[in-house]
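We did not get these values from a lab; they are worked out from the coordinates using the rules stated. Everything numeric in this text was worked out from a predicted model, so none of it was measured. Virtual Cβ from ideal backbone geometry, glycine too; neighbours counted across all protein chains shown.
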Amino acid sequence: MHCGMDYHIHDNPVPKDGNCYATGGHLDPYKRGDQPPCNTTVPQTCQVGDISGKHGPVWTADGNFEVLYRDFFLSNVEDTIAFFGNRSVVVHLPDNKRINCGNFHLVSDGEEKKKKKKKEEAKEDQGC
Ligand SMILES: [Cu+2]
C-alpha cells in the first residue's frame, strides 16, 4: 500500500463537461482485470493502461509532477490494440476517487512547427 496517487489511461476520452467518471475503466485490451494489483517489477503482467502501476505513482509536495519514461506496452500507432491517442489519463486520490483527467492529443512534427511559426509571426505583428 502506498500513499501516492495512481494514474491510468482510461478507455474513453474526457467528455466536454469534464466528468472524469465518464472515461470508463482502464485501458486493458488483454482483459487482465484490476486484481491482483500491478507489480512494478513485472510491468509486462500489468494492465496496459496502468501507467502508475508500471512506473510508480504520482508523488508531489508542491503540486507539480513531471515524469519521463519509456513504456513498451502502449502504442502510438492508430488502429492497434494498445493505442492510447484517442483515450484519456485519469489521476486518482489514494481512496481511488478521480481527482483530475485530460485527453491525449496527437501532434505531428509539422503541426508543432506551424504553431511555433504562428507564435513567432504574432510576436512580430505586435512590434511597431
Ligand atoms: Cu484510473
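Please return the longest range in the chain lying between exposed loop sites, taking trypsin sites (Lys or Arg not before Pro), DSSP loop only, at most 11 other beta-carbon atoms within 10 Å, and leaving the sites out.
Working: sites that count: K16, K31, R70, K97.
Result, exposed sites excluded: 32-69.
Cross-link list K31/K115; K16/K114; K16/K116: which exceed 32 angstrom alpha carbon to alpha carbon? Each step should come with its number before you reach the end.
Numbers: K31/K115 39 Å; K16/K114 26 Å; K16/K116 27 Å.
Check vs 32 Å cut-off fails for K31/K115.
In the stretch 5-113, which chymotrypsin sites (Phe, Trp or Tyr not before Pro) fall in coil by DSSP and have 14 or fewer other Cβ atoms within 10 Å? Intermediate results must be reported in sequence, preceding the final value.
On the way: sites: Y7, Y21, Y30, W59, F65, Y69, F72, F73, F83, F84, F104; in loops: Y30, W59, F65, Y69, F72, F73, F84, F104.
Taking the stretch 5-113 and a limit of 14 other Cβ atoms within 10 Å, the loop chymotrypsin sites (Phe, Trp or Tyr not before Pro) found are Y30, W59, F65, Y69, F72.
Longest segment of the chain with no GluC sites (Glu not before Pro) in a DSSP loop having at most 13 other Cβ atoms within 10 Å?
Details: sites that count: E66, E78.
Within the chain, the longest run free of exposed GluC sites (Glu not before Pro) spans 1-65.
Taking a virtual spin label 7 Å from the Cα of Y30 along the C-beta vector, which residues in the stretch 80-95 bring their backbone nitrogen under 14 Å of it?
From the stretch 80-95, the list is 81-83.
Mind checking the full-extension length gain between L68 and D17? Use 0.36 nm per residue of separation minus the Cα-Cα distance, one decimal, nm.
Values: separation 51, 0.36 × 51 = 18.36 nm, distance 2.91 nm.
Between L68 and D17, full extension yields an extra 15.5 nm.
I'd like the Karplus ³J(HN,Hα) series for the stretch 37-50: coefficients 6.51, -1.76, 1.60, θ = phi - 60°, whole numbers in Hz, and an x wherever there's a Gly or Pro.
x, 4, 10, 4, 7, 9, x, 5, 9, 8, 4, 4, x, 8
Please report the base-10 log of the normalised intensity I(q)/I(0) for the chain, using a Debye sum with one equal scatterer per alpha carbon and no solvent, at each q in 0.13, 0.19, 0.20, 0.21 (1/Å).
-0.62, -1.11, -1.19, -1.28
Does anyone have the angle between helix 109-126 and the longest principal axis of the chain? Alpha-carbon axes, 0 to 90°, nearest 10?
40 degrees
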